[in-house]
Amino acid sequence: MDFTEIYKQTYHLVAFSPGAQFVLTAIHDRLVIRRSDTFQIARTWHVDTSPSSSSSILTPPPKLKISSNVSQTIPPQDAWISHIGWSKDSEYLFAACAKRGVVNVFKIRDEKWNARIEAGAEGLVKAEWAPDGRSIICFSEWALRVTIWSLVTGAATYIQYPKHPDKGYAFRKDGRYFVLAERHKSKDMLGVYDASSRYQLVRHFVLPTHSLSSIALSPSGAHVAVWESSIDYKLHILSIVGQLQSTFTPDPDPGLGIRCVSWHPTSLFIAVAGFDDKIHILTSLGWVCVTTLEIQAKIPSSAKVWREPNGWIEATNGRGFLPYNRITPPFQPLQMNRGDPAKPNPKIGVVQMEWNTNGTLLMVRSDASPNTVHIFSFPTPTEAFAPQLRSVLLHDKPVLSAKWSPVRSGELAICCNTGAIYVWQDGDPVDSFASNVEIAECVGIPAMEFDVKDIKWSPDGPRKPVLDPKDYKEFPLVEKIVISPNTALYRFGLPHPEDQLGVPIGQHITVAADINGKLVARSYTPTSSDDDKGHFDLVIKSYEQGNISKFVGNLKLGEKIKVRGPKGQFKYYPGIVREFAMIAGGTGITPMYQIITHVLYNSQDTTKISLIYANQTDEDILLRSELDELAARHKDRFKVYYVLNTAPANWKGGVGFVSKDMIKERCAAPADDMKMLICGKHRISETSSFETEKFHLG
């Protein structure tokens with residue numbers, strides 16, 4: 001496990017983009033977007049958190065707090081960002097300041113575009129994206145109403161009197177229907193709204209609860225569970241159209257109510273837990289309790305017990321990995337805090353209950369044993385139904401958060417407000433069902449005064465680059481786009497839609513094929529980048545006497561090439577130089593184009609580029625329209641000059657070979673903060689007398 005440097009954030013506001021390409025953080029009243037592979041800054045915004053005109057009348061004017069560092073100002077805390085989020089396609093993001101009642105929306109591909117939502121006098125408690133990625137849901141203070149704002153039409157849809165200002169709602173998995181608990185005329189009600197038709201009401205029915213605590217919509221969207229407040233243990237299962245299916249109350253009645261409800265990923269079961277540390281598993285076949293699990297002091301001998309080593313963080317200075325200590329039976333009883341049920345909000349009972357992605361494991365945390373994580377095994381449909389305690393993880397300090405990996409079904413991450421994270425794995429890290437070997441490790445964080453209070457997994461989990469520098473791997477041709485009679489863009493598929501090839505900007509790959517009984521290889525630079533998941537692109541000009549170029553040109557869809565890498569002496573990262581001088585000939589434009597697009601698409605990168613591109617004829621110029629468009633959009637940062645051996649009439653570019661005088665005229669003067677990049681077969685040897693650092697690509 002690798003660690004980056006420490007990056008600032010406030011209110012634990014950190015969010016991966018849905019495609020896991022970027023990480024969004026909030027620092028006071030600023031948004032920062034970093035690439036998730038390099039953690040280089042890609043975008044920053046200063047968020048306008050000034051209150052709306054109506055809300056400013058009701059609140060005193062804010063005052064600016066000056067930090068001890070005179071050169072730095074920190075806005076008042078009520079002006080800090082309180083909520084952030086990505087749209088489902090990662091095109092938009094928002095930053096909300098609840099105390100000021102405003103939401104600002106930004107567009108990742110256009111840093112000048114923005115929208116602003118003002119909640120007004122009704123206030124703002126919470127904001128989040130709707131599943132369509134083009135609507136934002138705002139919850140007002142005092143549970144007055146829910147407002148859905150559309151970025152497409154600019155219109156707002158209002159739903160009056162939600163039961164709670166920040167919970168009691170859900171979207172169906174496909175995003176079609178929005179389900180909201182409401183309170184009308186002293187009755188709990190449920191509204192079902194069609195999100196595809198501007199949230200028109202399609203169902204509205206009375207609930208059997210007297211004082212609704214919350215709701216849980218099944219993953220299938222067919223049923224909804226609702227339950228009473230903490231003083232009454234009653235769970236009701238209803239169909240999505242309002243028909244009561246069943247009501248569950250344990251016997252004997254435990255006195256206090258329900259704390260956690262969690263649907264099984266298949267919707268076939270639902271787990272219900274209360275203040276008595278018992279977990280009741282109900283089946284959808286009649287909604288009866290089929291088994292009851294319990295958090296108790298005595299641990300059965302069949303379970304595996306792991307204990308965090310005492311004082312390991314101090315002994316290792318928080319560096320490296322250390323396995324948990326495996327405890328052998330008989331086990332010492334757990335210390336259970338039973339609390340006082342007579343006092344309000346007693347610290348007892350199940351506080352977190354979560355299934356893993358395939359429903360074979362159930363993680364449970366209880367306030368009665370705050371330092372402990374219980375993991376129960378749950379059978380698959382083909383196994384005998386016998387859920388049981390699988391593992392117990394014991395820690396020195398109370399557990400603050402435990403979360404399953406969204407990709408690896410058998411991997412759990414835990415934090416305890418210490419300088420470490422704790423990882424439990426059920427078998428192989430990639431395939432949790434490959435073996436029954438169980439692993440529990442403590443992972444120190446190499447930083448001073450850094451205590452982990454929360455964990456967020458990347459949506460796609462940790463995925464390694466597909467490419468290998470030593471061994472060839474095969475990739476099928478999935479698309480061919482003809483650019484000219486002898487040139488095309490060839491798109492090759494990767495094994496998984498979220499895979500990335502793994503070629504740093506500025507480096508290249510080796511493409512090989514068996515031709516006439518020999519393995520023939522040539523270097524190419526993908527025109528795509530690792531931002532393009534699931535595939536990579538090569539622009540190749542085929543020559544009649546060529547080996548690899550002719551082989552690729554004759555490929556049919558589905559046929560494969562062999563690739564290994566990356567390789568190369570140059571690797572680009574923002575700020576490496578003030579300016580690039582690029583000299584490209586023919587297909588040598590492909591590595592240049594990859595660097596050019598990476599530089600220009602990053603608004604925080606101020607690097608300038610001068611490109612001299614040489615070809616035989618006008619028809620041989622590859623990617624010309626793309627280069628001209630970039631030059632027009634970024635006139636102050638990118639200039640391109642075309643050179644031809646055989647020029648047509650009225651040609652305004654260079655003619656002949658790339659010369660020393662041409663380089664002096666078109667490129668910046670040699671300097672320590674300037675580099676020259678060269679690639680191509682055309683005659684560009686005059687660059688040898690150019691006194692600056694040169695890199696030959698490809």
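Taking amide hydrogens as placed 1.01 Å from N in the peptide plane, the amide H of HIS264 sits under 5 Å from those of PHE269, ILE270, ALA271, each at least 5 positions away in sequence or on another chain. Between TYR543, ALA26, THR316, the Cα set farthest toward the positive side of the dipole of the chain (charges on each charged residue's Cβ, about the Cα centre) is that of TYR543. Considering only PRO469, SER267, SER302, and ranking their Cα positions along the charge dipole of the chain that arises from unit charges at the beta-carbon of Lys, Arg, Asp and Glu, the one farthest toward the positive end is PRO469. Rounded to whole numbers, the Karplus 3J(HN,Hα) couplings from phi for the range 399-404 are 6, 8, 7, 9, 9, 6 Hz, using 6.51 cos²θ - 1.76 cosθ + 1.60 with θ = phi - 60°, and x at Gly and Pro. Listed by chain and number, the lysines placed with their C-alpha closer than 16 angstrom to that of LYS163 are LYS126, LYS185, LYS187; residues fewer than eight positions away on the same chain are left out.
Going down the table (LYS298/LYS403; LYS518/LYS556; LYS533/LYS571; LYS8/LYS635; LYS562/LYS639; LYS456/LYS480), which pairs top 29 Å between alpha carbons? Intermediate results must be reported in sequence, preceding the final value.
Numbers: LYS298/LYS403 25 Å; LYS518/LYS556 21 Å; LYS533/LYS571 20 Å; LYS8/LYS635 34 Å; LYS562/LYS639 36 Å; LYS456/LYS480 39 Å.
Correct reply: LYS8/LYS635; LYS562/LYS639; LYS456/LYS480.
Once you charge only the Cβ atoms, +1 for Lys and Arg and -1 for Asp and Glu, what is the size of the charge dipole of the chain about its Cα centre, to the nearest 20 debye? Provide the component values of the computation, followed by the final result.
Details: 77 positive and 73 negative charges, 145 e Å.
Its charge dipole is roughly 700 debye.
Under 5 Å between amide hydrogens, built in the peptide plane, is the criterion, and for LEU611 it picks out MET582, LYS639, VAL640, TYR641 among residues at least 5 positions away or on other chains. Magnitude of the charge dipole for the range 184-342, about its Cα centre and with charges confined to Cβ atoms of Lys, Arg (+1) and Asp, Glu (-1), is about 360 debye.
Averaged over its residues, the chain has an accessible area of 48 Å² per residue, based on protein heavy atoms and a 1.4 Å probe. How much of the accessible area of the chain, probe 1.4 Å, is carbon plus sulfur, in whole percent? Here carbon and sulfur together make up 50 percent of the probe-accessible area. Projecting the Cα atoms of ILE589, VAL103, LEU293 onto the charge dipole of the chain (Cβ charges, centred on the Cα centre) puts ILE589 farthest toward the positive pole. Residues LEU151, LEU630, sorted by accessible area with the largest first, give LEU151, LEU630 [1.4 Å probe; ligands and nucleic acids excluded].
Could you tally the net charge around ILE299, taking each other residue with its Cβ under 13 Å from the Cβ of ILE299, Lys/Arg +1 and Asp/Glu -1?
Values: positive: LYS298, LYS304, ARG307, ARG390; negative: GLU294.
After counting each charged neighbour, the total is +3.
Under a model in which nothing but the beta-carbon of Lys, Arg (+1) and Asp, Glu (-1) is charged, the range 237-328 shows a dipole of about 400 debye around its Cα centre. Applied to the range 355-370, the Karplus parametrisation 6.51 cos²θ - 1.76 cosθ + 1.60 on θ = phi - 60° returns per-residue 3J(HN,Hα) values of 7, 6, 4, 9, x, 8, 9, 10, 9, 9, 10, 10, 5, 5, 9, x Hz, with x for Gly and Pro. The phi torsions of the range 472-484, fed into the Karplus equation with coefficients 6.51, -1.76 and 1.60 and a -60° offset, translate into couplings of 6, 10, 9, 9, x, 6, 10, 7, 10, 10, 6, 9, 8 Hz, rounded to whole numbers, with Gly and Pro shown as x.
Loop-only chymotrypsin sites (Phe, Trp or Tyr not before Pro) in the range 483-584, please: DSSP not H, G, I, E or B, and at most 13 other Cβ atoms within 10 Å. Kindly include the intermediate steps, with their values, before the conclusion.
Values: sites: TYR490, PHE492, TYR524, PHE536, TYR543, PHE551, PHE570, TYR572, PHE580; in loops: TYR543, PHE570, TYR572.
Answer in residue order: TYR543.
The values are calculated or read from the model by the stated rules, or taken from the named source; none is laboratory data. No experiment lies behind these values; they were computed from the predicted model shown. Cβ: placed from backbone, ideal geometry, glycine included. Neighbour counts: every protein chain shown. Note: accessible area is taken over every heavy atom of the protein model, side chains too, but ligands, DNA and RNA are not part of it. Shrake-Rupley method; radii C 1.70, N 1.55, O 1.52, S 1.80 Å.
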